[in-house]
1. For the chain, what is the accessible area per residue in Å², given a 1.4 Å probe and the full set of protein chains?
2. Can you pull the one-decimal nm distance between simple spin-label points at Glu7 and Thr135, each 7 Å off the Cα toward Cβ?
3. Say we join alpha carbon atoms closer than 10 Å with springs in a Gaussian network model of the chain; which of Thr152, Thr32, Thr125 then has the biggest fluctuation?
4. Would you compute, from DSSP H runs of 4+ residues alone, the mean residue ellipticity of the chain at 222 nm, taking -39500 (n - 2.57) per run and dividing by the full residue count, rounded to the nearest 500?
5. In nm, what is the difference between 0.36 nm times the number of residues separating Met110 and Asp31 and their Cα-Cα distance?
6. Highest GNM mean-square fluctuation, the chain, Cα pairs closer than 10 Å: which of Gly92, Gly114, Gly13?
7. Please work out the Cα convex hull volume for the chain and give it in Å³ per residue.
8. Take the chain, mark every one of the GluC sites (Glu not before Pro) that falls in a DSSP loop and has at most 14 other Cβ within 10 Å, then report the longest stretch left between them, sites excluded.
Amino acid sequence: MPPLPREFYARPGLDVAAELLGKYLVRRRGDTLLAGRIVETEAYVGPDDQASHARRGPTPRAAIMFGPPGVAYVYLIYGMHHCLNVVCDREGFPAAILLRALEPDAGVRMKTDGPGKLCAALDITLADNGVDLVTGDLWIEERGGPRPRLVTTPRIGVDYAGPEWAARPWRFVDADSRGLSRRLPRP
């Protein structure tokens, strides 16, 4: 399947975050393809979002979030775990979607129920920061199938941003997936 076109990413971040559910993240390593179905995302939108790396402007770390849509933003947390984000919206407006969990597919033998785990399973590192998701060896594709049952929750681990920002329902999950980084509360 072809990669999603740049136009998919050149839209408001909350729309992209919701519509990434059910798509497949694919990584080519030589003759090997690694893939997983996206089941959890988290949106970081705009310069005012106090949970976003862009809240202090286009710093060396966050400058990529102000760039063109359809590019990978990869960073390291806790000095050891890589996280993959998808830059979206329009150039000059910082927005990125963190891929939080996948359901493993082709070639993936490790757990992918967390942002660091999915990066380890697909061999995504800081070397992938800035990779074009439309033309590179890392991409997202549509494979069809039923739409996920979408549920939103507050983002995870952003209490430092203050209650207004931490409570925003900007985490998007496939409610029927068993591969989430954190289970949904029971009704």
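The values are calculated or read from the model by the stated rules, or taken from the named source; none is laboratory data. Small disclaimer: the values here were computed from a predicted structure and weren't measured. Neighbour counts are summed over all protein chains in view; Cβ atoms, including those assigned to glycine, are modelled from backbone coordinates with ideal geometry. Calculation scope for accessible area: heavy atoms of the full protein, side chains included, ligands and nucleic acids excluded. Shrake-Rupley method; radii C 1.70, N 1.55, O 1.52, S 1.80 Å.
1. 48 Å²
2. A separation of 1.9 nm, rounded to one decimal place.
3. With Cα springs under 10 Å in the chain, the top fluctuation among Thr152, Thr32, Thr125 is at Thr32.
4. When only DSSP H runs of four or more count, the value is -2500 deg cm²/dmol.
5. 26.5 nm
6. Sorting by GNM fluctuation, first place goes to Gly92.
7. Residue-normalised Cα hull volume stands at 113 Å³.
8. Values: sites that count: Glu91, Glu142.
Here the longest segment lacking exposed loop sites spans 1-90.
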